[in-house]
Amino acid sequence: MSREWWHQPLHYWSQALGFHYRIQHVSAAIDPLFTTVGGWWQQGDHWCITLDAHYIACLSGFAEDGQLLRDALSYTLHLAAGQAAGKATEKGSDLWAYWVCERCGQWGQQPTADLVPLLSNADELRAAWQGQGEGPKQGPIASLFTPARPQGHFVWLHWARREGEGVALAVPDGALRTVVEAYQPNTWLGPVVAPSGYQSALLWWPLVADLAELPQQLDELLGVLEADAMVFAQATFGKAVVQGAEWAQALLTTVLAWQQRVWLDTPPRVWGFGQRPGLQLLQALPKSVLESFLEGALEDSQTTGCGDWPEEWRTTLTGLLAANLNVSEAARLLYLHRNTLMNRIERIRERTGYDIRHFEDAAMLWLVSAITRQLGVDRERAKP
Amino acid sequence: MARVQLVNIAKRYSGDVLAVNDFNLDVADKEFVVFVGPSGCGKTTTLRMIAGLEDITDGDLFIGDRRVNDVAPKDRDIAMVFQNYALYPHMTVYQNMAFGLKLRKMPKTDIDKRVRDAAQILDIVHLLDRKPKALSGGQRQRVALGRAIVREPKVFLMDEPLSNLDAKLRVQMRAEIRKLHQRIQTTVIYVTHDQTEAMTMGDRIVVMKDGLIQQVATPQEVYTNPTNLFVAGFIGSPAMNFLRGELVEEAAVLRFRAADVDIRIPEGRYPALRQAGVVGKAVVLGVRPEDLHNDELFLSTYPEAEIELSVEVVENMGPEIYVHSSVGGQNMVARVPARYDLRPGSRAKLALDMNKVHIFDGETEAAIPHHIAEAIASR
């Protein structure tokens with residue numbers, strides 16, 4: 001096996017993340033504890049990584065809290081070692097999947113079927129990884145392999161793929177790309193595998209000084225897509241990338257933002273991961289906990305979740321929450337007479353045991369409706 | 001030919017949320033129809049189904065003679081105008097207006113002619129070289145309109161296009177859109193939550209609530225003959241006053257009774273009220289603020305339609321005043337000439353114009369027609 005196999009991955013990573021490294025020969029065999037390729041330890045101010053039984057790399061200027069990056073680099077070295085030994089031919093893009101899966105693991109969540117394909121946009125990544133072909137010239141994927149790292153946000157754009165009666169209404173990516181690039185040049189990273197029923201593309205959006213501006217800009221982008229490409233699109237965005245090390249989190253949170261929408265009663269067409277922090281907590285809970293919550297919350301009620309609620313309950317709850325539980329204001333918002341609204345609230349109380357004029361009860365029913373929706377989607381996904 | 005027909009249209013989202021149900025409407029060629037209703041009533045969803053931006057769950061949609069349910073939006077020959085203008089920030093006004101045509105690979109000379117013609121119509125020729133950032137809200141909205149006009153579509157779909165403008169500009173722009181419609185003679189379907197916009201712009205208004213059409217009629221008809229309590233309360237500003245009470249019969253005379261209110265119902269309305277089966281039942285009496293009068297002539301003409309109010313707030317609007325008051329615990333607003341000296345804390349006698357009073361079934365909230373003939377017609 002060539003001794004040089006680690007140079008390429010280490011070089012790429014050092015360029016991407018701005019660290020320096022020194023390959024060091026260790027004359028005595030490394031402590032068995034650290035003999036695994038890709039194993040890490042700290043030596044003074046430096047992080048060191050095992051390359052094989054006789055060589056290590058010492059890194060300087062490497063983020064101390066970069067557990068994800070360390071794991072990712074380990075994984076990369078595993079791949080490169082495997083390839084050098086002629087054992088593995090895994091795609092370079094699996095690195096992304098690895099990152100995200102790792103993070104999902106930390107959050108107690110399984111990566112969903114939507115997530116892995118997104119991150120397996122293999123050809124472009126592999127080309128860049130192997131230094132072949134054109135590779136990406138701009139955007140975050142390219143910046144992993146170049147010293148110049150842009151700052152910004154991943155934006156995941158979805159538009160519905162619809163099949164009519166014998167008529168395919170799928171919209172070609174090209175039409176969208178033209179409009180997207182006309183609105184904000186150099187943002188299109190390329191199409192990615194989409195959740196069922198959608199087409200998707202990943203965008204790289206320049207960093208905005210005030211995060212509140214981003215939904216507004218994206219809403220305008222969706223407006224021009226409707227006006228000129230005649231396409232109804234939706235967008236999610238995650239955390240910003242200010243330093244290279246934040247990418248995995250940025251990409252992951254962009255994907256999770258799409259999943260968050262399921263929890264919302266009427267999701268807006270632009271949704272950011274951090275817009276409702278409570279949802280992050282719900283997302284992190286395992287399904288068994290959600291089911292158990294639902295069971296407990298509805299123990300004494302005559303409903304099994306929002307699936308069997310009349311439509312007017314949903315609007316009543318939404319209206320009351322929008323009015324900060326002020327019944328008169330909610331009646332005004334819902335264009336109902338106050339007495340009509342009071343009747344509805346009473347009917348909800350009779351059937352569920354929750355009086356949604358009180359914060360705790362309203363919050364409980366909001367959770368019940370969000371969790372029922374989420375579990376309903378899971379059940380749909382699980383169908384063969 | 002740009003007649004638009006919606007036949008039994010429904011939209012159901014996943015989770016069985018019914019956004020629009022059993023929507024039937026026939027929009028005539030060159031007609032200006034306004035969908036109006038509170039947020040969440042399904043008006044925008046309906047517009048987007050017409051555009052093809054949302055799937056139709058059930059029903060048939062025709063533009064001209066063609067069923068377009070499964071026709072891609074770009075092939076429906078429509079143009080949309082949105083609240084957020086949807087302009088390209090890096091392009092000039094000219095480029096913004098031309099871009100959609102460029103995408104359709106139209107020859108440059110044709111594009112130039114269309115853009116300049118539209119700019120002329122909208123009076124924005126002098127803005128063609130500017131970028132959106134250098135334009136006011138009203139100018140941006142004109143550019144957005146221009147971008148739709150250059151397409152020369154069969155149907156314009158406008159989704160709250162004036163909502164981002166300040167009140168003064170909104171008044172100006174709604175007149176301009178109306179003029180524009182008269183000039184270009186194209187079918188327009190316009191969505192708004194603002195009942196004043198609906199009243200002033202539409203040839204016909206479609207009032208919606210909870211995904212259902214409540215009434216389709218001319219603005220005047222909707223105002224004077226609302227079909228139910230919701231329409232009556234939604235259209236008109238200040239809103240119609242509602243008094244909840246009971247319709248009782250005493251010695252062959254029908255009277256409306258509520259706390260501190262006892263009003264004799266005109267005999268001409270008896271047959272319709274009897275037919276509706278509301279005698280002896282809870283009803284809602286509706287009266288518009290301008291149909292409450294405090295001049296002597298009225299008070300003497302309708303002595304049995306008089307109510308005594310406690311004046312709470314008086315809003316001076318210049319030629320008239322809005323008198324906010326209450327009777328028997330129910331709120332009322334009267335719109336009377338400013339010459340009357342009504343002050344907060346005082347009591348005032350007002351008479352209802354009984355020819356214009358509306359009566360609604362207390363349970364179904366449907367309007368009881370004034371006459372039997374209307375009752376039959378409304379079935």
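The values are calculated or read from the model by the stated rules, or taken from the named source; none is laboratory data. On a predicted model such as this, the values are computed, not experimentally measured, just so you know. Because the Cβ atoms are built from the backbone with ideal geometry, glycine has one as well, and the counts that use them run over all protein chains shown.
Select from the range A:342-351 the residues that are buried (at least 16 other Cβ atoms within 10 Å of the Cβ) and within 14 Å of another protein chain (Cβ to nearest Cβ) and list them in ascending order.
The answer is A:R344, and nothing else.
Before we move on, is B:T45 in the same structural domain as B:T187 (by TED's automatic domain parsing), over 23 Å from the mean Cα position of the chain (by Cα) and of a type in the set (S, T, N, Q)? Don't jump to the end; show me each part of the working.
On the way: in the same structural domain as B:T187 (by TED's automatic domain parsing): yes; over 23 Å from the mean Cα position of the chain (by Cα): no; of a type in the set (S, T, N, Q): yes.
So B:T45 fails the test.
Taking the stated definitions as given, is A:A297 assigned by TED's automatic domain parsing to the domain that holds A:W188, over 13 Å from the mean Cα position of the chain (by Cα) and either of a type in the set (G, A, S) or crowded, with 21+ Cβ neighbours inside 10 Å (or both)?
Details: assigned by TED's automatic domain parsing to the domain that holds A:W188: no; over 13 Å from the mean Cα position of the chain (by Cα): yes; either of a type in the set (G, A, S) or crowded, with 21+ Cβ neighbours inside 10 Å (or both): yes.
Judged against the criteria, A:A297 is not a match.
Output the residues belonging to the range B:334-360 that are touching a residue at least 40 places away in the same chain (Cβ under 8 Å) and outside any strand (DSSP E or B).
Hits for the range B:334-360 are B:Y340, B:L342, B:D353, B:M354, B:N355, B:K356, B:V357.
Restricting attention to the range A:218-244, which residues are in a helix (DSSP H, G or I) and either of a type in the set (K, R) or in contact with a helix residue (DSSP H, G or I) (Cβ under 6 Å, 6 or more places away or on another chain) (or both)?
So in the range A:218-244, the residues in a helix (DSSP H, G or I) come out as A:218-229, A:244.
Scanning the range A:218-244 gives A:L221, A:V224, A:L225, A:D228, A:A229, A:G244.
Scanning the range B:251-260 for residues that are away from every other protein chain (no Cβ under 14 Å) and touching a Lys or Arg at 6+ places or on another chain (Cβ under 7 Å), which turns out surrounded by the most Cβ atoms within 10 Å (Cβ to Cβ)?
Initially, the range B:251-260 is screened for residues away from every other protein chain (no Cβ under 14 Å), giving B:251-257, B:259-260.
Pick out the ones that are also touching a Lys or Arg at 6+ places or on another chain (Cβ under 7 Å) and you get B:253, B:255.
Values: B:V253: 12, B:R255: 17.
Here the answer is B:R255.
For the range B:204-213, which positions are surrounded by 21 or more Cβ atoms within 10 Å (Cβ to Cβ) and either of a type in the set (G, A, S) or within 14 Å of chain A (Cβ to nearest Cβ) (or both)? Full working, then the answer.
Initially, the range B:204-213 is screened for residues surrounded by 21 or more Cβ atoms within 10 Å (Cβ to Cβ), giving B:205-209, B:211, B:213.
If the condition is that a residue be surrounded by 21 or more Cβ atoms within 10 Å (Cβ to Cβ) and either of a type in the set (G, A, S) or within 14 Å of chain A (Cβ to nearest Cβ) (or both), then B:V207, B:M208, B:K209, B:G211 are the ones that fit.
Sort out which residues of the range B:93-127 are out of contact with any helix residue (DSSP H, G or I) (no Cβ under 9 Å at 6 or more places or on another chain) and either touching a residue at least 60 places away in the same chain (Cβ under 8 Å) or among the polar types (S, T, N, Q) (or both), and write them in order of number.
Scanning the range B:93-127 gives B:T109, B:Q120.
From the list A:P310, A:P268, A:P277, A:P286, which residue is loosely packed, with under 14 Cβ neighbours inside 10 Å and in contact with a Gly (Cβ under 8 Å, 6 or more places away or on another chain)? So that I can check it myself, show each step before the final result.
Details: A:P310 fails: in contact with a Gly (Cβ under 8 Å, 6 or more places away or on another chain); A:P268 fails: in contact with a Gly (Cβ under 8 Å, 6 or more places away or on another chain); A:P277 fails: in contact with a Gly (Cβ under 8 Å, 6 or more places away or on another chain).
Result of the check over A:P310, A:P268, A:P277, A:P286: A:P286.
For the condition β-branched (V, I, T), in the same structural domain as B:I63 (by TED's automatic domain parsing), surrounded by 18 or more Cβ atoms within 10 Å (Cβ to Cβ) and touching a helix residue (DSSP H, G or I) at 6+ places or on another chain (Cβ under 9 Å), what is the one hit in B:V171, B:V150?
Working: B:V171 fails: surrounded by 18 or more Cβ atoms within 10 Å (Cβ to Cβ).
One residue alone meets the criteria, B:V150.
Every residue in the range A:202-217 that is closer than 28 Å to B:I78 by Cα and either within 11 Å of another protein chain (Cβ to nearest Cβ) or in a strand (DSSP E or B) (or both), please.
The first filter runs over the range A:202-217 and keeps only residues closer than 28 Å to B:I78 by Cα, leaving A:215-217.
Within the range A:202-217, A:Q216, A:Q217 qualify.
Look through the range B:261-292, keep the residues that are among the β-branched types (V, I, T) and in contact with a His (Cβ under 9 Å, 6 or more places away or on another chain), and return whichever of them is farthest from the other protein chains (Cβ to nearest Cβ).
My answer is B:V287.
For the subset of the range B:280-305 comprising residues that are part of a loop (DSSP other than H, G, I, E, B) and buried (at least 16 other Cβ atoms within 10 Å of the Cβ), which member is farthest from the chain's Cα centre (by Cα)?
Going through the range B:280-305, the residues part of a loop (DSSP other than H, G, I, E, B) turn out to be B:280-281, B:288, B:294-295, B:302.
In the following step, the residues that additionally are buried (at least 16 other Cβ atoms within 10 Å of the Cβ) were identified as B:288, B:294, B:302.
Details: B:R288: 17, B:N294: 30, B:Y302: 32 Å.
Among residues in the range B:280-305 that are part of a loop (DSSP other than H, G, I, E, B) and buried (at least 16 other Cβ atoms within 10 Å of the Cβ), the one farthest from the chain's Cα centre (by Cα) is B:Y302.
Considering the range B:1-49 alone, what residues qualify as being within 12 Å of another protein chain (Cβ to nearest Cβ), farther than 21 Å from B:F230 by Cα and either touching a Phe, Trp or Tyr at 6+ places or on another chain (Cβ under 7 Å) or at pLDDT 90 or above (or both)?
Those that are within 12 Å of another protein chain (Cβ to nearest Cβ), farther than 21 Å from B:F230 by Cα and either touching a Phe, Trp or Tyr at 6+ places or on another chain (Cβ under 7 Å) or at pLDDT 90 or above (or both): B:L47, B:R48, B:M49.
Please work out which residue is nearest to B:G362 (Cα to Cα), limiting yourself to the range B:246-286 and to residues that are of a type in the set (G, A, S) and in contact (Cβ under 8 Å) with a residue 40 or more places away in the chain. Working first, answer last.
Taking the range B:246-286 as the starting set, the residues that turn out to be of a type in the set (G, A, S) are B:251-252, B:258-259, B:268, B:272, B:276-277, B:280, B:282, B:286.
Still in the list and also in contact (Cβ under 8 Å) with a residue 40 or more places away in the chain: B:258-259, B:268, B:272, B:276, B:282, B:286.
Numbers: B:A258: 13, B:A259: 16, B:G268: 21, B:A272: 15, B:A276: 12, B:A282: 5, B:G286: 11 Å.
Within the range B:246-286, the match that is nearest to B:G362 (Cα to Cα) is B:A282.
Report, by residue number, each residue of the range B:62-73 that is among the hydrophobic types (A, V, I, L, M, F, W, C) and in contact with a Lys or Arg (Cβ under 7 Å, 6 or more places away or on another chain).
Taking the range B:62-73 first, the residues among the hydrophobic types (A, V, I, L, M, F, W, C) are B:62-63, B:68, B:71-72.
B:I63, B:V68, listed by residue number.
Test B:N331 against the criterion of being surrounded by 15 or more Cβ atoms within 10 Å (Cβ to Cβ), among the polar types (S, T, N, Q) and in contact (Cβ under 8 Å) with a residue 12 or more places away in the chain, and give yes or no.
Numbers: surrounded by 15 or more Cβ atoms within 10 Å (Cβ to Cβ): no; among the polar types (S, T, N, Q): yes; in contact (Cβ under 8 Å) with a residue 12 or more places away in the chain: yes.
No, not satisfied.
Taking the range A:318-341 only, how many residues are away from chain B (no Cβ under 13 Å) and crowded, with 19+ Cβ neighbours inside 10 Å?
2
Within the range A:164-175, is even one residue away from every other protein chain (no Cβ under 11 Å), buried (at least 16 other Cβ atoms within 10 Å of the Cβ) and at pLDDT 80 or above?
no
Can you tell me how many residues in the range A:258-278 are more than 13 Å from the chain's Cα centre (by Cα) and part of a helix (DSSP H, G or I)?
Of all residues in the range A:258-278, those more than 13 Å from the chain's Cα centre (by Cα) come to A:262-270, A:275-278.
Still in the running and part of a helix (DSSP H, G or I): A:262-263, A:275, A:277-278.
Residues meeting the conditions: 5.
Step by step: first the residues of the range B:216-250, then only those that are away from chain A (no Cβ under 14 Å) and buried (at least 18 other Cβ atoms within 10 Å of the Cβ), then the one that is farthest from B:R170 (Cα to Cα). Which residue is that?
So, considering only residues that are away from chain A (no Cβ under 14 Å) and buried (at least 18 other Cβ atoms within 10 Å of the Cβ), the one farthest from B:R170 (Cα to Cα) is B:L247.
Give me the helices (runs of 4 or more DSSP H) completely within the range B:26-140, filtered to those with at least 2 residues that are surrounded by fewer than 21 Cβ atoms within 10 Å (Cβ to Cβ) and charged (D, E, K, R), ordered by residue number. Don't jump to the end; show me each part of the working.
Working: elements: B:43-51, B:93-103, B:108-122.
Fully inside the range B:26-140 and qualifying: B:108-122.
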